[in-house]
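The values are calculated or read from the model by the stated rules, or taken from the named source; none is laboratory data. Everything quoted here is computed from the prediction, not taken from an experiment. Backbone-built Cβ (ideal geometry, glycine too); neighbour counts: all protein chains shown.
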Amino acid sequence: MNYPSGTEAKIAGAALFAGVVQFALAMLVAEFLYPGYSVSGNAISDLGATCSNGACRTVQPSSIIFNLSIIIAGLLILASGFYLRRAVRANAIVACVLVAGAAMAGVGVFPETFGVIHGIVSLVTFLSISFAAIAAYKVERSPLSYFSVLLGIFSLVATILFIGGVYLGLGEGGMERMIVYPVLLWSIAFSGHLIAEGHTF
């Protein structure tokens, strides 16, 4: 197996951890500060800008917190992908991480007020990070490698259901979180793996 090692792996893991954790915490803060926000009824992106029937509004400080945090997350994930490229010889995971970082930053740059563009970058984010979790099995030790594949598949299935408007009683926001939460958890686990494996200098 092509396990990551060296300073580059540590930096990749640290950047990924910082990006994902700050985003997760900022998302929670934005939810708390958004009056009447429903994790079931509201999409995650509503925190950045809420659009319905052609009318859009932003709720502050939730909007600035969410958009800024997801841009920062995207940039840090891009940095993680750059160093990951130098730490492993696995093109699939590196490509997926880089695409996910760029698309994630795009979600903050192009909130719901940008309509179709926002939908595209959001979908690319969902798909690329899900595939990254699956592809990571090549550079992970078991049992993390097995959990990564399962979480990636879970997120992909949730994405398909979400696109089809099948929410399984969870609401739009609830089903979207079934896409996002599994890969956020994987990202944190993978970042720890990179930091721990990067022990050779």
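Observations, loosely collected:
So that you can scan it fast, the table gives a plain yes or no per residue for (1) among the hydrophobic types (A, V, I, L, M, F, W, C); (2) over 30 Å from LYS10 (Cα atoms):
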{"position": "CYS51", "(1), (2)": "yes, yes"}
{"position": "ARG57", "(1), (2)": "no, yes"}
{"position": "SER63", "(1), (2)": "no, yes"}
{"position": "ALA73", "(1), (2)": "yes, no"}
{"position": "GLY81", "(1), (2)": "no, no"}
{"position": "LEU98", "(1), (2)": "yes, no"}
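- In region 4-22, the residues that are crowded, with 20+ Cβ neighbours inside 10 Å and assigned to a loop (DSSP other than H, G, I, E, B) form Cβ pairs under 6 Å with partners that are modelled with pLDDT under 90 and small (Gly, Ala, Ser), at six or more places apart or across chains, as follows: PRO4/ALA87.
- Qualifying residue in region 48-58 (condition: crowded, with 22+ Cβ neighbours inside 10 Å and in contact with a His (Cβ under 9 Å, 6 or more places away or on another chain)): yes
- Test result for GLY173, surrounded by fewer than 22 Cβ atoms within 10 Å (Cβ to Cβ) and without any contact (Cβ under 8 Å) to a residue 12 or more places away in the chain: no
- Number of residues in region 23-42 that are of a type in the set (Gly, Ala, Ser), free of Cβ contacts under 8 Å to residues at least 40 places away in the same chain and in a helix (DSSP H, G or I) equals 1.
- Restricting PHE82, PHE66 to residues that are in contact with a Leu (Cβ under 8 Å, 6 or more places away or on another chain), hydrophobic (A, V, I, L, M, F, W, C) and surrounded by fewer than 19 Cβ atoms within 10 Å (Cβ to Cβ) narrows the list to PHE82.
- Summed over region 23-43, residues that are buried (at least 16 other Cβ atoms within 10 Å of the Cβ) and under 16 Å from the mean Cα position of the chain (by Cα) total 5.
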